[in-house]
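Trainee: One structure follows; several queries about it will come next.
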Amino acid sequence: MKILAINGSPKTIGSTTRKLAKMVLDGAEEAGAETEIIDICDFQVTPCTACDGCTLSGECVYNDDVPSVIERMKEADGIILASPVYIDNVSGQMKVFFDRLADAIHYQVLDGKFGCSVVTTHTSGGEEVVSYLNHVLNYLGVISVGGISVATGGDAGELYNKEDEAASLGKKLAEAIASGYSDPAQEAEISENREFFRDIVIENGDFRTEDYERWVKKGWIE
């Protein structure tokens with residue numbers, strides 16, 4: 001099994017968020033997972049302009065790194081979304097990336113995967129951003145096994161007080177991939193979202209036949 005963590009901090013390898021995500025990955029590795037972490041700020045991510053080009057063709061009009069990141073997400077069995085709290089939300093870089101996932105969300109390309117969320121903050125907003133990241137995972141069709149938030153108060157050493165909790169989250173994610181995991185509330189939300197997205201898939205079915213047929217095979221379109 002493979003687990004991919006996406007770090008949204010612009011501090012990249014020096015960020016406390018990345019360090020916390022790595023603790024989660026270490027726990028997953030102990031449970032037998034192959035892991036990888038990438039820093040979204042190392043990639044070229046052009047802001048979405050809502051041109052609907054991806055809806056028509058499945059490809060963005062911008063030639064940047066987002067398709068390659070999505071492919072890595074599709075190849076993984078588990079997804080970890082990690083971000084610092086910037087004014088009560090994810091980093092701007094992470095939000096720009098999320099906006100570019102619209103087509104992946106509409107077509108539910110990550111259905112069947114499991115994930116979790118990792119957040120660091122100075123003082124506040126951590127639990128709210130964990131909830132938001134898990135909501136994004138659900139939008140993608142991913143079931144979250146939970147999340148972790150650490151308020152450092154400016155002292156990165158606070159992370160190590162949560163090292164065992166982080167490792168446990170990673171193990172839980174690996175176990176979900178290996179043995180399955182059910183959360184009726186999340187499954188209901190994902191199903192409800194899919195009902196809404198189904199109209200988009202049907203509307204574009206004549207020129208996105210492969211995507212349409214995948215939905216038919218999954219039983220999402222009768």
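Trainee: For the stretch 171-215, enumerate the residues that are out of contact with any strand residue (DSSP E or B) (no Cβ under 8 Å at 6 or more places or on another chain) and under 20 Å from MET23 (Cα atoms).
Mentor: Result: LYS171, GLU175, ALA178.
Trainee: So TYR86 ticks every box in (1) over 15 Å from THR121 (Cα atoms); (2) free of Cβ contacts under 8 Å to residues at least 40 places away in the same chain but one. Which box is left unticked?
Mentor: Only one criterion in (1) over 15 Å from THR121 (Cα atoms); (2) free of Cβ contacts under 8 Å to residues at least 40 places away in the same chain is unmet by TYR86, namely (1).
Trainee: If only one of MET94, MET73 is open to solvent by less than 40 Å² (accessible area, probe 1.4 Å) and farther than 30 Å from THR209 by Cα, which one is it? Reasoning before the result, please.
Mentor: Values: MET73 fails: farther than 30 Å from THR209 by Cα.
Just a single option satisfies the conditions, and that option is MET94.
Trainee: Another one. For GLU71, indicate whether it is outside any loop (DSSP other than H, G, I, E, B), under 19 Å from ALA185 (Cβ atoms) and among the charged types (D, E, K, R). Outline the logic, then answer.
Mentor: Details: outside any loop (DSSP other than H, G, I, E, B): yes; under 19 Å from ALA185 (Cβ atoms): no; among the charged types (D, E, K, R): yes.
The answer is no for GLU71.
Trainee: On to the next question. Sort out which residues of the stretch 87-127 are in a loop (DSSP other than H, G, I, E, B), touching a helix residue (DSSP H, G or I) at 6+ places or on another chain (Cβ under 8 Å) and within 20 Å of PHE43 (Cα to Cα), and write them in order of number.
Mentor: Answer for the stretch 87-127, where residues must be in a loop (DSSP other than H, G, I, E, B), touching a helix residue (DSSP H, G or I) at 6+ places or on another chain (Cβ under 8 Å) and within 20 Å of PHE43 (Cα to Cα): VAL90, ARG100, LEU101.
Trainee: Can you pull out every residue in the stretch 24-40 that is β-branched (Val, Ile, Thr) and either crowded, with 22+ Cβ neighbours inside 10 Å or outside any strand (DSSP E or B) (or both)?
Mentor: Here is the first cut: in the stretch 24-40, the ones β-branched (Val, Ile, Thr) are 24, 35, 37-38, 40.
Across the stretch 24-40, the qualifying residues are VAL24, THR35, ILE40.
Trainee: Here are some residues: ALA82, ALA21, ALA5. Which one is among the small types (Gly, Ala, Ser), surrounded by 22 or more Cβ atoms within 10 Å (Cβ to Cβ) and part of a helix (DSSP H, G or I)? Full working, then the answer.
Mentor: Values: ALA82 fails: part of a helix (DSSP H, G or I); ALA5 fails: part of a helix (DSSP H, G or I).
None of the other options fit; the residue is ALA21.
Trainee: Shifting gears a bit: Under 6 Å by Cβ, and 6 or more places apart or on different chains, what pairs join a residue from the stretch 130-153 that is open to solvent by less than 10 Å² (accessible area, probe 1.4 Å) with one that is in a loop (DSSP other than H, G, I, E, B)?
Mentor: LEU140/LEU110; GLY141/GLN108; GLY141/LEU110; GLY141/ASP111; VAL142/LEU110; VAL142/LYS113; VAL145/TYR181
The values are calculated or read from the model by the stated rules, or taken from the named source; none is laboratory data. This structure is a prediction, so every number in the text was calculated from the model and none was measured. Positions of Cβ are backbone-derived with ideal geometry, glycine not excepted, and every protein chain shown enters the neighbour counts. Surface areas here come from the heavy atoms of the whole protein model, side chains and all, with no ligands, DNA or RNA. Shrake-Rupley method; radii C 1.70, N 1.55, O 1.52, S 1.80 Å.
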